[in-house]
Amino acid sequence: MYYKSLKPLIIKESEDYIFINKPPFVSTLADRNDTVTILSLVKKYNEDYQICHRLDKETSGVLLVAKNAEAYRNASIQFEHRQVDKTYVAIVDGLHQFQEETVNLPLHTTASGYVKISHRQGKNAKTIFNTIKTFKKHSLVSCKPETGRMHQIRVHLASLNASITGDETYGGQPLFLSSVKKKFNKGKDEEEQPIIKRFALHAQILSLTDIKGKFISAEAPYPKDIEVALKQLEKTK
C-alpha cells in the first residue's frame, strides 16, 4: 500500500513525541529500493522530527518519533540503557506453552545480514516469551526483548523451535488456508498464496518516560494481515 502522509499512521501524540503504527513492507529509514519510507514521511511532515529507533521492513507496529533534539536524546538514552519497555506479538509455528520463558543467547550478524547464535562472536541478547493463546498448529506469543539486537526475537524464537510463521529465513513455514481449513479447494492450476505474506511479527506496545519524567505509552492495533490470519486460526482451534 502506498502512503502519502504520516497523519493516518499516528496513534498518539504528546508535546515531545509522536507514536505511529508502522505498516508492514515500509522501511523505517532510507532504502534505495523504496521512494516512500517512514523517514521520508516524517521529514515531509516536519523536517525537524527524528525517528528514535527502527523496525524491520516486514515488521508492523509502534514506532517512536521525537519532535525535538532534547526529546530524541531523552529517548536515545533510555534505549541505550534498556529502559524502554517493548512488547511484540508473534504468531509462531507449533504449540507452545511459554511462561516467562527466558532466552539469553548471544547474537552475531554475519556479512550477509543473517543473524546467528554465537557464544564466541555474539553480543548478549535477552528475550522473555509468554504464550497468549494456542490454536490447532500455531501459537500466539508475547515477546519482550530486553536488548535490541537485529532479528533478536526471530532468532530467539527459532532457538525454541517456535519459528515465526512466514519467517522462512529462520525456519518459519508459510500459513496457507489449506493447512487450517478442512474443506478448502483451490483451483487446479492455481498456486495457493499464503494468508500472510510476511513473517507474523507486530510491535504492539512501547513505553518510556518523557522529558519531564512522565510515563508515556502507546499500543498499536494489529494490521489487517495479522487480523485475518488470527481470524482463520481461531476457526480451527
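Protection proxy ranking of 114-123, 14-23, by the mean of other Cβ atoms within 10 Å over each peptide's residues and highest first, is 14-23, 114-123. For region 81-90, backbone phi angles converted through the Karplus equation (6.51, -1.76, 1.60; θ = phi - 60°) give residue-by-residue couplings of 8, 6, 9, 8, 8, 10, 10, 10, 10, 9 Hz, Gly and Pro being listed as x. Among T109, T59, T35, sorting on how many other beta-carbon atoms sit within 10 Å of each Cβ, with the fewest leading, yields T35, T109, T59.
Checking the Cα-Cα distances for K116/K144; K86/K133; K57/K224; K7/K86 against a 21 Å cut-off, the pairs over it are K7/K86. Rounded to the nearest 500, the 222 nm mean residue ellipticity of the chain from helices alone is -5000 deg cm²/dmol, with -39,500 (n - 2.57) taken per DSSP H run of at least 4 residues. Extension gain, N130 to S14, is 38.7 nm, computed as 0.36 nm per intervening residue step minus the present C-alpha separation. The peptide list 193-205, 69-81, put in order of mean Cβ contacts within 10 Å with the highest first, becomes 193-205, 69-81. Normalising the average separation of contacting C-alpha pairs (under 8 angstrom, six or more residues apart) by the number of residues puts the relative contact order of the chain at 19 percent.
Between F135 and L140, the built amide H atoms are under 5 Å apart, and every one of these is 5 or more places off in sequence or on another chain.
Taking Cβ atoms as reference points and 11 Å as the exclusive limit, the residues near N68 contribute a net charge of -2, counting Lys and Arg as +1 and Asp and Glu as -1. Among the listed pairs K12/K214; K4/K44; K22/K235; K44/K212, a Cα-Cα separation exceeding 18 Å is found for K22/K235; K44/K212.
The HN-Hα couplings worked out from phi for region 143-160 by the Karplus form 6.51 cos²θ - 1.76 cosθ + 1.60 (θ = phi - 60°) are 10, 10, x, 8, 10, x, 7, 4, 6, 4, 4, 4, 6, 5, 5, 4, 5, 9 Hz, whole numbers, x standing for Gly and Pro. Over all other residues within a Cβ to Cβ distance under 13 Å of L9, the charged ones net out to +4, with Lys and Arg as +1 and Asp and Glu as -1. For region 196-208, backbone phi angles converted through the Karplus equation (6.51, -1.76, 1.60; θ = phi - 60°) give residue-by-residue couplings of 10, 9, 7, 7, 7, 10, 9, 7, 8, 10, 9, 9, 7 Hz, Gly and Pro being listed as x.
Throughout, read-outs are computed from the coordinates displayed, never taken from laboratory work. Computed from a predicted structure; not experimentally measured. Backbone-built Cβ (ideal geometry, glycine too); neighbour counts: all protein chains shown.
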